[in-house]
Amino acid sequence: MPFFDPTRPAYLENPYPALARLRAEAPVAWIPPLQAWVVTAWEPLAAVLHDHESFSADPATAGGELGTRIRGARARIPLGSAPIMGNSDPPLHDELRRRVNRWFTPAAVAKLRPEIEELAGHLLGELPAAEPFDLMSGFAERLPVQVILHLLGVPAAQRASFRAACLAIMRARNEGPADPSVVAAAEAAEEPLARIVIEAPPESLIGRLRDEAEAGEGLPPEHLLMLVVHLATAGNGPLALFIGNAVLALAAHPEAAEALRRGAVGWTPALEELARFDTPTHAISRWARAPGELAGRAIRPGDTVHLLLGAANRDPARFPDPDRLDFSRRPGRHAAFGLGVHFCLGANLARLQAEVALGLLLERFPRFRIRAVERLPSFQLRGPRRLILEPA
């Protein structure tokens, strides 16, 4: 039986040797401690992500205790019955996405460049020029939050309360009703969140969604609030980790960092390779709707399937010499932003923010050293929780 323990410190530091062994032994493996299948190869992973009829993104469809617990929890938490785009299936997923797609197209995102450059420049200006600092708390985690609040159109005076309300609701969604204080905080957050939506400027993203709903052309009130919460919170963590992972990769490959500084390589191939090389959203999950087969393994209805995007992005059958960071790598679609109907809505925005952030960071700190790294203790997300840089 294949061995796989993603909680070991050695795995958190560098999961890729373990993932390579698991892929070679069993690209689709049943891992008893997880009570789930773990998929580490490109072909079966892509097959699952492109087959939303056989595999659901909604954990409430899981079999056994997991599905029962999630369904019960949703009935007892604020906005629990409202869908989240990332955990819904077509046609509901497609309807939610259709409401906001136009705000995340390449053309729409490109218009945000001046604001993103201004925000990133301001944050970098607050970092010490000659003393060690934590890149994550001082920059990488702050930039995505400020950008999405700007895009949503939340007035500056309301941003702190808006974010606190969104985080309270998502915490209840993620943790369930076991802690009464978590549920109470989410219940208290609904009214101020609804008020902010009501007061949003009509030209803002939130204002447009609200006006469509009031005209009878939009989403029900609870669905609208949950969509706003999702947009405000979903991509912030992965993007911060993307920036952190990229800085670690560039520190380990100074020739690649120098090529970017000199403009010898374009940002488009560099960002795609950095996303492939050390993928921040390392694992996502699906739940089998019906009996089937995956890479010769029998899948039962309700089974949990963990799809290791980071492992698939290092599958040598898809990417030759996958453990090498190579900005000249022939372009090929990776899975860092997902595949299929759930391909990341904010991928264009994430790429632009990463380009601006890394470009300005390399300009402000042409030389730096990694003083300390504290890894996020997570199976699903990979990256630094703390990343102490010292300007050189």
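If you restrict to DSSP beta bridges whose two residues both lie in the chain, what percentage is antiparallel, to the nearest 5? Don't skip to the answer; put the middle values down first.
Values: 24 of 27 bridges.
In the chain, approximately 90 percent of DSSP beta bridges are antiparallel ones.
In sequence order, what are the phi-derived ³J(HN,Hα) couplings for the range 6-15 according to the Karplus relation 6.51 cos²θ - 1.76 cosθ + 1.60 with θ = phi - 60°, rounded to whole Hz, with x for glycine and proline?
Here the 3J(HN,Hα) series is x, 8, 5, x, 5, 5, 4, 5, 8, x Hz.
For the range 387-392, what does the Karplus curve 6.51 cos²θ - 1.76 cosθ + 1.60, with θ = phi - 60°, yield as ³J(HN,Hα) per residue in whole Hz, taken in order and with x for Gly and Pro?
9, 8, 9, 10, x, 9
Going from most exposed to least, what order do R98, R74, R195 have by accessible area with a 1.4 Å probe?
Details: R98 135, R74 50, R195 100 Å².
Per-residue accessible area, sorted high to low, gives R98, R195, R74.
If Rh is defined by the Kirkwood formula over all Cα pairs and Rg also comes from Cα, what ratio Rg/Rh do you get for the range 53-123?
Checking Rg against Rh, the ratio lands at 1.18.
As I understand it, the dipole of the chain uses +1 on the Cβ of Lys and Arg and -1 on the Cβ of Asp and Glu, about the Cα centre. Which of I284, A73, P6 lies farthest toward its positive end?
P6
What is the sum of charges, Lys and Arg at +1 and Asp and Glu at -1, for the other residues whose Cβ falls under 11 Å from the Cβ of A335? Intermediate values should be presented prior to the final figure.
Details: positive: R276, R314, R318, R333; negative: D315.
That works out to +3.
For the range 80-94 and the range 184-208, write down the distance between their C-alpha centroids in whole Å.
Comparing the Cα centres of the range 80-94 and the range 184-208, I get a distance of 20 Å.
Given the C-alpha atoms of the range 225-333, compute the convex hull and give its volume per residue in Å³.
Values: hull volume 14.7 nm³, N = 109.
Roughly 135 Å³ of hull volume per residue.
Give me the accessible area of V183, 1.4 Å probe, in Å² rounded to the nearest 10.
20 Å²
Among 378-389, 85-96, how do they line up from the highest to the lowest mean number of other beta-carbon atoms within 10 Å?
Working: 378-389: 20.0, 85-96: 16.4.
In decreasing order of mean packing, 378-389, 85-96 become 378-389, 85-96.
Taking the Cα centre of the range 279-366 as origin and charging only Cβ (+1 Lys, Arg; -1 Asp, Glu), how large is the dipole, in debye to the nearest 20?
Working: 12 positive and 8 negative charges, 42 e Å.
With only Lys, Arg, Asp and Glu charged at Cβ, the dipole is about 200 debye.
Can you pull the one-decimal nm distance between simple spin-label points at E191 and D179, each 7 Å off the Cα toward Cβ?
2.3 nm
Say each of D323 and E214 gets a label point 7 Å from the Cα, pointing the same way as Cα to Cβ; how far apart are those two points in nm?
Computed distance between label sites D323 and E214 equals 5.9 nm.
For n ≥ 4 DSSP H runs only, could you compute -39500 (n - 2.57) per run for the chain, divide by its residues and tell me the 222 nm figure to the nearest 500?
Numbers: 17 runs with 191 residues, N = 392.
So the helix-based figure for the chain works out to -15000 deg cm²/dmol.
Counting only protein chains, not ligands or nucleic acids, how are H52, H282, H122 ordered by accessible area (probe 1.4 Å), most first? Walk me through the numbers before you get to the answer.
Details: H52 55, H282 5, H122 110 Å².
Ranking H52, H282, H122 by accessible area, largest first, yields H122, H52, H282.
On the first, second and third principal axes, largest extent first, how far apart are the outermost C-alpha atoms of the chain in Å?
55, 54, 38
Give, rounded to the nearest 20 debye, the magnitude of the charge dipole that the range 324-384 has about its Cα centre when Lys and Arg contribute +1 at Cβ and Asp and Glu contribute -1 at Cβ.
Working: 11 positive and 4 negative charges, 53 e Å.
Dipole about the Cα centre, nearest 20: 260 debye.
Return the sequence-ordered ³J(HN,Hα) values of the range 71-86 in whole Hz as given by the Karplus equation 6.51 cos²θ - 1.76 cosθ + 1.60 applied to θ = phi - 60°, using x for Gly and Pro.
Result, rounded to whole Hz: 5, x, 5, 5, 6, 10, 10, x, 6, x, 7, 7, x, 10, 3, x.
Please list, ordered by chain and number, the residues whose modelled amide H lies under 5 Å from the amide H of S285; skip anything fewer than 5 residues away on the same chain.
L307
For a bin width of 10 Å, list the pair-distance distribution of the range 270-392 built from all Cα-Cα distances, rounded to whole %.
Reading upward from the zero bin: 11, 31, 36, 15, 5, 1.
The values are calculated or read from the model by the stated rules, or taken from the named source; none is laboratory data. None of these values were measured; they are calculated from a predicted model. Positions of Cβ are backbone-derived with ideal geometry, glycine not excepted, and every protein chain shown enters the neighbour counts. Surface accessibility is based on the protein's heavy atoms, side chains included, excluding ligands, DNA and RNA. Shrake-Rupley method; radii C 1.70, N 1.55, O 1.52, S 1.80 Å.
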